[in-house]
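Peer 1: Quick one: the structure is below, and I'll ask about it shortly.
Nothing in this text is a laboratory measurement; each read-out follows from the coordinates by a stated rule. Everything numeric here is computed off the predicted structure, so don't read it as measured data. Cβ: placed from backbone, ideal geometry, glycine included. Neighbour counts: every protein chain shown.
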Amino acid sequence: MATPDSIIDRSRQHRLLAVFAGALLLLSALPCLAQSVPDTAASDAPRDAAASQAAPKRRVGDATTELLTLQESGAAAGKTLPMLGATTGLSWQRYQDSFKFKIPESFKTKVESPTTNR
């Protein structure tokens with residue numbers, strides 16, 4: 001049986017291992033970050049000014065419109081996943097059962113419930 005002290009020691013070991021792994025990951029990424037940092041900040045100023053003037057102004061809703069267009073085109077769609085046999089059978093049966101009853105034009109009873117919107 002584990003004693004409380006041994007559980008705390010294991011917890012500290014796991015925390016230390018997580019910190020060490022994070023530090024190692026950060027250190028391994030430093031060469032990549034150093035390559036992407038330009039040598040002089042002065043050379044970036046004209047390029048940043050030109051880029052901000054050339055970039056079109058974004059309006060509210062542009063991102064949503066772009067995402068809906070992307071969804072409609074299917075360009076970023078994932079592959080079609082197969083349905084398993086049991087799921088397929090149950091889904092098909094539910095679909096077939098939906099045709100057993102006609103959809104009424106109106107309902108005979110009205111649902112009465114207190115409204116919570118004030």
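Peer 1: Counting other Cβ atoms within 10 Å of each Cβ, which GluC sites (Glu not before Pro) in segment 72-118 have at most 12 and sit in a DSSP loop?
Peer 2: 105, 112
Peer 1: Same structure again: Order the peptides 97-103, 85-91 from the highest to the lowest mean number of other Cβ atoms within 10 Å of their residues.
Peer 2: Result, highest mean first: 85-91, 97-103.
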